[in-house]
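Asker: Take this structure, written in structure tokens, and hold onto it; I'll ask about it next.
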Amino acid sequence: MPEPRPWNLLRTRAEKDFRIFTAQTLDVTAPLDGAEYVRTVLRCPDWVNVIALTTEQRVVLVRQFRFGTWSNTLEIPGGMVDPEERDPQAAALRELEEETGYVPGAVEWLGTSLPNPAIQTNRLHSYLARDCRKVHDGHQDGSEDIEVVLAEREAIGALVKRGEISHALVLAAFLFDALGPGALLSRR
């Protein structure tokens with residue numbers, strides 16, 4: 001079976017900047033019958049997240065309020081790659097330190113995924129930070145109210161199964177880890 005053919009872009013219009021993403025309307029034609037459709041794309045900066053392990057092998061998590069679900073979520077540290085940042089790993093380490101006050105002894109790239117390719121243009125870069133030590137209480141910006149939570153490494157799988165960790169991008173990082181160096185997600 002052949003691969004799907006690319007769509008034809010007629011024009012881009014209705015651009016609106018929301019700081020964390022820019023919404024664009026695309027006028028396109030379908031490759032099969034040439035019919036015209038309107039699609040929305042969110043142009044987002046790349047994102048990063050980081051699984052941080054302390055020297056005692058505890059996982060550094062953050063609990064924070066999320067407007068989409070109007071609830072607190074338990075996550076790993078992460079955020080946007082700032083426009084002036086060229087290196088996603090540096091952005092991940094910046095986010096880790098800003099949100100939690102932890103800095104690592106070593107860092108490994110886990111993988112890169114597409115958060116939602118149906119409507120978003122960005123990538124998520126996931127990292128594993130080892131031998132993290134707390135150097136201060138964090139420097140969150142004015143819109144962040146973060147509780148730092150340390151979890152036993154062995155508890156991560158249970159937190160996921162119980163739905164206490166349910167953020168899809170966090171789960172993507174744990175999946176990369178399960179397939180690679182740290183294997184935090186056990187079958188327990």
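Asker: Just checking, does segment 74-91 include any residue being of a type in the set (Lys, Arg), modelled with pLDDT under 95 and not assigned by TED's automatic domain parsing to the domain that holds ALA14? Before you say what the answer is, go through the steps one by one.
Answerer: The initial filter retains those residues of segment 74-91 that are of a type in the set (Lys, Arg), namely 86.
Those left that are additionally modelled with pLDDT under 95: 86.
Among the residues that remain, those that are also not assigned by TED's automatic domain parsing to the domain that holds ALA14 are: 86.
The answer is yes, given that some residue of segment 74-91 is of a type in the set (Lys, Arg), modelled with pLDDT under 95 and not assigned by TED's automatic domain parsing to the domain that holds ALA14.
Asker: In this structure, does THR100 turn out to be in contact with a Phe, Trp or Tyr (Cβ under 7 Å, 6 or more places away or on another chain), surrounded by 13 or more Cβ atoms within 10 Å (Cβ to Cβ) and among the polar types (S, T, N, Q)?
Answerer: Working: in contact with a Phe, Trp or Tyr (Cβ under 7 Å, 6 or more places away or on another chain): no; surrounded by 13 or more Cβ atoms within 10 Å (Cβ to Cβ): yes; among the polar types (S, T, N, Q): yes.
Answer is no for this residue.
Asker: Something else about it: Answer yes or no as to whether THR69 is out of contact with any Ser or Thr (no Cβ under 7 Å at 6 or more places or on another chain), surrounded by fewer than 11 Cβ atoms within 10 Å (Cβ to Cβ) and of a type in the set (Ser, Thr, Tyr). Before the answer, list the steps.
Answerer: Values: out of contact with any Ser or Thr (no Cβ under 7 Å at 6 or more places or on another chain): yes; surrounded by fewer than 11 Cβ atoms within 10 Å (Cβ to Cβ): yes; of a type in the set (Ser, Thr, Tyr): yes.
Yes.
Asker: When segment 7-20 is examined, which residues are found to be at pLDDT 95 or above and either at positive phi or not in a strand (DSSP E or B) (or both)?
Answerer: Result: TRP7, single match.
Asker: Let me ask another. Residues being under 30 Å from ASP131 (Cβ atoms) and touching a strand residue (DSSP E or B) at 6+ places or on another chain (Cβ under 6 Å): count how many of those fall in segment 29-56.
Answerer: Of segment 29-56, the ones under 30 Å from ASP131 (Cβ atoms) are 45-56.
Applying the additional criterion that residues be touching a strand residue (DSSP E or B) at 6+ places or on another chain (Cβ under 6 Å) yields 45, 47-55.
The qualifying residues number 10.
Asker: What strands (runs of 3 or more DSSP E) completely inside segment 78-141 contain at least 2 residues that are of a type in the set (Lys, Arg)?
Answerer: Values: elements: 78-80, 106-113, 124-134.
Those strands (runs of 3 or more DSSP E) span 124-134.
Asker: Could you tell me how many of the residues in segment 91-127 are within 18 Å of LEU179 (Cβ to Cβ) and among the basic types (Lys, Arg)?
Answerer: 1
Asker: Quick check on this structure: which one of THR55, THR121, THR112, THR100 is under 15 Å from VAL148 (Cα atoms), in contact (Cβ under 8 Å) with a residue 12 or more places away in the chain and polar (S, T, N, Q)? Before you say what the answer is, go through the steps one by one.
Answerer: Details: THR55 fails: under 15 Å from VAL148 (Cα atoms); THR121 fails: under 15 Å from VAL148 (Cα atoms); THR112 fails: under 15 Å from VAL148 (Cα atoms).
Unique residue meeting the criteria: THR100.
Asker: From VAL60, VAL38, VAL28, grab the single residue that is surrounded by 13 or more Cβ atoms within 10 Å (Cβ to Cβ) and either out of contact with any Phe, Trp or Tyr (no Cβ under 8 Å at 6 or more places or on another chain) or assigned by TED's automatic domain parsing to the domain that holds ILE146 (or both). Even if it seems obvious, please write down each step before you answer.
Answerer: Working: VAL38 fails: surrounded by 13 or more Cβ atoms within 10 Å (Cβ to Cβ); VAL28 fails: either out of contact with any Phe, Trp or Tyr (no Cβ under 8 Å at 6 or more places or on another chain) or assigned by TED's automatic domain parsing to the domain that holds ILE146 (or both).
Just a single option satisfies the conditions, and that option is VAL60.
The values are calculated or read from the model by the stated rules, or taken from the named source; none is laboratory data. The structure presented is a predicted model; accordingly, all values stated were derived computationally and were not measured. Here the Cβ is made from the backbone with ideal geometry for all residues, glycine too, and neighbour counts use every protein chain on show.
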